[in-house]
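Worksheet for the structure shown next.
The values are calculated or read from the model by the stated rules, or taken from the named source; none is laboratory data. Keep in mind it's a predicted model, so treat the numbers as computed, not measured. Cβ coordinates were reconstructed from backbone atoms using ideal geometry, including for glycine residues, and neighbour counts include every protein chain displayed.
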Amino acid sequence: MKLPGLWLCVSFGCAASRGPSCLSAQFRRPGDFILGGLFPFGKDMVNLTARHVTPVPSAPRLFMDGLIWALGMRFAIDQINNSSSLLPGIRLGYDMYDTCFEPLVALQPSLLFLTRNGTTGIGILCNYTEYQPRITAIIGPHKSDLCLLTAKLFSSFLIPQVSYGASSETLSNTELYPSFYRTVPSDKNLVEAVVMLLNQFGWNWIATVGSDDEYGRGAQALFLSMAGNNNICIAFEGFIPTDLAEPNARKQLEDTVKLINSTKVNVVVLFAYSLPAQALLEHSIRMGLGKKVWIGTEAWMLSDVAAYTPNIQSIGTVLGFVSRTGTVPGFQEYVAELFSSVEQEKFCQQSRELSRLMNTEVLDTHCQQCDHVTLGDIWPLLRVTMVQPVHMAVYSVAHALHRALGCTSEGCPKTPIRSWQVRKDVRAKWQVFVTSQTDCHNLSPPKGQLIVAGRIAILQTRTTVPKSILISFPPQLLHFMNTLPFEVNGQSFRFDQSHGTNTGYKLIFWAWRDGTLTYLPVGDYDQSLYIQKSQIQFHTADKKVTMAQFLLTCLRLRFSWRCLADVHSCLCQEPTSECFRRCQPGQFRRIKGFNLCCYDCTDCSENTFWKSTSCSPCPQHQWAPARSTQCHERTERFLFWDEPVAVALMTLMALTAALSCLTALLFLKHLQTPLVQVAGGGRNLFALLWLLLQSLSCCLYVGRPSAGLCVVQQLSYALCLNGCFSTFVPKALEISLLTEFPRCAPRLLRWVTHGRAWLLVAASLLTQALLCFCHLHLGPDYLVADYKSLPSEVVLVCGTQSWAAFALLHGYNSCLAFVCFLCTFMVQTPAKRYNVARGITFATLIYFIIWIFFVVVFATLRTVLRAVTQICTIQATTLGILASYFVPKCYIMVFRPDLNTGDYCQNPFLVPNFCDHLHPKSFLSVIKKNQNSDLKPGVLVPGACRSSSQPQKHSINFDHHSRNRERKKNVNSINSTRLCRKRLSKILII
């Protein structure tokens, strides 16, 4: 509300023309009920440690806020006295004193308030039933440490005391301080607001300083406990002296500034009253602490610290919380009118006469410097100093008094108000004594008397055994102050269970405009904090921000909601103060260095999720990516039909199967040709059938595996491969007999040729079938759910249960391949002759090479590549056999039919070797023995035609006839050998 210009002109004119006013005489007035007031008029304090006697305290400099608070109490009482609805017919008086911020100074008027009405002493009595102190209630004091002293005193007499500024949480204990009330929130609410402010800006590495008094120590203790629970680390905590006259006060302040500077923090939280706060700020400026973010409270933010601290703008950014109170309508006009009146002699004379009625000779107000204050001195602070808490305190007592007196609209009875209200039924039956002593058992009241000691009523009798009964007697004023609400300027208020009022806070920013300080509201707190960050101009905002710095800032915040949702915080360079970056969800703390509050944020690893403060592993059937806050269900992983790898392998399988079918058709067409017959005849078709089945068995490895499929996979591979190798065995043995055992060949060839060769194939398959049953008994493959190979999927693979059974199953085929290789790999191929042994040799060699790689890879894989490996092995084995054994024969049948003859397919080693062992007379027996053989041209039979009657070495015979007979004999042998070769070749071809 604006002050009329007339009042300002009158005030300034009077101040310039006249001398001191009588403002100091305006703080005492008589009345029906007196309210005591304790206000800090004096700003400077005295060094009490150096006193030997108690001097009269003096305050050389006036504390303007204290004066305004006292005027606020006077204004509220004048309003009540002029009201027709509140305490009608009752006139309230007031008696205000200076505390000088000193407990000893505040104790003097407090004791005066307890004196009996009309006297200057306090009687030590056991019966306080009729005791009537000179005051009804006390307003103040402002500081918490003063309230702790006075509250104990007033609570002993249960006199209501309402503070307008004490916020210590200790005063919330209603058991220790039953008559203490306050119209400001407690420090607990303030600390909660400060912690929320720090969290919103991400400041977690801070320094906290408190004044060495009850307010600073209590608020800082609460802050430290809450900061630890909200991930805020305290780099430095300390206290500054409140008595600046102490010899070591300067050194303590300097040490505090040095320690703050050494921590490299950018945020300082200051819990102190105006004088210690001003001293700390002055030393910070003088010692070049640098610009910081100072978070304060209304204890010093709204005082005249800024006005009396030189170069205060250089400290940086100042934010703080003040109680959210409204304005008091008419107060500024009231003060202006009062300052105009105190310049009038008649008004001053009346004021002094009224003050003398209050026994001023006992204890003076001690605010003589108030007489030199003008309206121009106090006017700037009228708009910022909170008067509503004082206004509420006065009205709370007035409403309680109104109810205690039983006032009506017509008036109020002027009955005395005592601290105790005894029920009429108890008063009629018992004689009551009220005492402040806690133990009155030594008293000897008459029979039937009731003694009230403190808050306990004790009934004693003389006729019987003494006994005690407890009866609750609520004090008169306290009862109505605790239970009923009261109204101030249309707003309703009520004291809570801790005798306080929580009106919330406003966040204030010190805004400088052309050198003028403005208290700019930038936020509100009421259980939650709202901040208008765009209104805050930090001391770092003058730095130019490039796009690179913006991106780096957002990258440091991982482009989180905090950076994206509040671009202003990135562009306006909010100060940072952190020993660690705030961990995001999915990260846990890893302590670094020696300070437990300093740590790095480490992402939770895969398959772990962030739970509260640490990373916990996911269940086996679930997974989580790195830096996750929850687990997800695993998906099944196997070789799907639509995967590119599966499609490629199935395409290869189809081509292999088609190649097997085409080869079989070609062999079937040329079944009676010399080339097919020398390769095994009908057994080739049998082998190609098994190769076709083997290539088709690759389908068993694609798709979701099951227990049955796992069992069938290895069995099908072993059986199909055995069906192919079993057809190679008779041919390999046949070649081995004719090349390595020619003398045994005539009697053993019948076991590996023609029909008996099929018996050998059937025996081999039967043996493999028996091994398959053994494999099933010893340990077949089973379905394995592998949770370790892949991070987010469960791999379904067929695992090997018994490697012994696996070796037994596939070892038999390896033995067959090895036998075939040994029987054929030493056979040499002369020029222009076809060698059937070479195909068997290469087929078995390719098989061994593939299986060497297969066993190594198959034993180590636990993923879907296990199935891919097996498919590739099957296809490679099939293609290897086709390419090495069947395809060359197909080439001859299709592109070189001229080579598909008996001469080319005849074994070049057959005639010169085998017939040399036979005598011409034995030729028919050889023919008979070999008629049952299936030897065909091309079979390597070295030594098969060597004659048994070769030319022998004889002694030299010079007889001419002898030489002729020998020559004739040799000619006959050569002719017989040629005839043997010719006929045997024809038979073998047939």
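One table, with the values for the structure above:
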| item | result |
| --- | --- |
| Among (1) in a helix (DSSP H, G or I); (2) within 26 Å of residue 165 (Cα to Cα); (3) touching a strand residue (DSSP E or B) at 6+ places or on another chain (Cβ under 8 Å) - the single one residue 339 does not satisfy | (3) |
| Residue check for residue 320: outside any loop (DSSP other than H, G, I, E, B), of a type outside the set (Val, Ile, Thr), under 29 Å from residue 253 (Cβ atoms) and not assigned by TED's automatic domain parsing to the domain that holds residue 72 | yes |
| Matching residues in segment 824-853 - criterion: being at pLDDT 85 or above and either closer than 30 Å to residue 788 by Cα or exposed (fewer than 14 other Cβ atoms within 10 Å of the Cβ) (or both) | 848, 849, 850, 851, 852, 853 |
| Residue 240 being under 18 Å from residue 143 (Cβ atoms) and either at pLDDT 90 or above or in the same structural domain as residue 600 (by TED's automatic domain parsing) (or both) | yes |
| Filter pass, residue 199 being part of a helix (DSSP H, G or I), under 31 Å from the mean Cα position of the chain (by Cα) and surrounded by fewer than 23 Cβ atoms within 10 Å (Cβ to Cβ) | yes |
| Positions within segment 139-172 being closer than 17 Å to residue 115 by Cβ and in a helix (DSSP H, G or I), in sequence order | 150, 153, 154, 156 |
| Filter result (out of contact with any Leu (no Cβ under 8 Å at 6 or more places or on another chain), surrounded by 13 or more Cβ atoms within 10 Å (Cβ to Cβ) and aromatic (Phe, Trp, Tyr)) within segment 637-663 | 640 |
| Residues within segment 397-411 that are in contact with a helix residue (DSSP H, G or I) (Cβ under 6 Å, 6 or more places away or on another chain) and not charged (D, E, K, R), tallied | 3 |
| Sole residue being under 22 Å from residue 698 (Cα atoms), modelled with pLDDT of 80 or more and among the hydrophobic types (A, V, I, L, M, F, W, C), chosen from 868, 894 | 868 |
| Residue in segment 493-504 that is in a strand (DSSP E or B) and crowded, with 16+ Cβ neighbours inside 10 Å present | no |
| Helices (runs of 4 or more DSSP H) contained entirely in segment 260-312, each with at least 2 residues that are more than 19 Å from residue 206 (Cα to Cα) and under 38 Å from the mean Cα position of the chain (by Cα) | 298-301 |
| Residue satisfying all of: in segment 668-685; buried (at least 17 other Cβ atoms within 10 Å of the Cβ), in a loop (DSSP other than H, G, I, E, B) and not polar (S, T, N, Q); modelled with the highest pLDDT among these | 670 |
| Residue, surrounded by the fewest Cβ atoms within 10 Å (Cβ to Cβ), within segment 266-308, restricted to residues that are more than 23 Å from residue 102 (Cα to Cα) and not hydrophobic (A, V, I, L, M, F, W, C) | 288 |
| Number of the condition not met by residue 569 [criteria: (1) in a helix (DSSP H, G or I); (2) exposed (fewer than 13 other Cβ atoms within 10 Å of the Cβ); (3) at pLDDT below 80; (4) small (Gly, Ala, Ser)] | (2) |
| Residue 866 being touching a residue at least 12 places away in the same chain (Cβ under 8 Å), among the basic types (Lys, Arg) and touching a Cys at 6+ places or on another chain (Cβ under 8 Å) | yes |
| Unique match (being in contact (Cβ under 8 Å) with a residue 60 or more places away in the chain and either touching a Ser or Thr at 6+ places or on another chain (Cβ under 8 Å) or part of a helix (DSSP H, G or I) (or both)) among 688, 665 | 688 |
| Scope segment 300-323; condition under 15 Å from residue 282 (Cβ atoms) and among the small types (Gly, Ala, Ser); matching residues | 303, 306, 307, 314, 316 |
| Condition check for residue 801: free of Cβ contacts under 8 Å to residues at least 60 places away in the same chain, surrounded by 15 or more Cβ atoms within 10 Å (Cβ to Cβ) and part of a loop (DSSP other than H, G, I, E, B) | yes |
| Single residue of segment 626-661 satisfying the filter (in a helix (DSSP H, G or I) and in contact with a Cys (Cβ under 8 Å, 6 or more places away or on another chain)) that is nearest to residue 836 (Cα to Cα) | 653 |
| Candidate set: segment 605-636, residues that are crowded, with 18+ Cβ neighbours inside 10 Å and among the charged types (D, E, K, R); chosen: the one farthest from the chain's Cα centre (by Cα) | 634 |
| Residue satisfying all of: in segment 241-259; closer than 24 Å to residue 101 by Cβ, under 44 Å from the mean Cα position of the chain (by Cα) and not polar (S, T, N, Q); surrounded by the most Cβ atoms within 10 Å (Cβ to Cβ) among these | 253 |
| Tally of residues being assigned to a loop (DSSP other than H, G, I, E, B), in contact (Cβ under 8 Å) with a residue 24 or more places away in the chain and over 33 Å from the mean Cα position of the chain (by Cα) across segment 174-190 | 8 |
| Inter-residue pairs, beta-carbon under 7 Å, first at positive phi and in segment 191-208, second of a type in the set (A, V, I, L, M) and at pLDDT below 90, 6+ apart | none |
| Options 821, 806, 773; residue that is in contact with an Asp or Glu (Cβ under 9 Å, 6 or more places away or on another chain), modelled with pLDDT of 80 or more and either surrounded by 14 or more Cβ atoms within 10 Å (Cβ to Cβ) or of a type outside the set (D, E, K, R) (or both) | 806 |
| Restricting segment 596-625 to residues that are among the small types (Gly, Ala, Ser) and assigned to a loop (DSSP other than H, G, I, E, B), the residue that is farthest from residue 863 (Cα to Cα) | 612 |
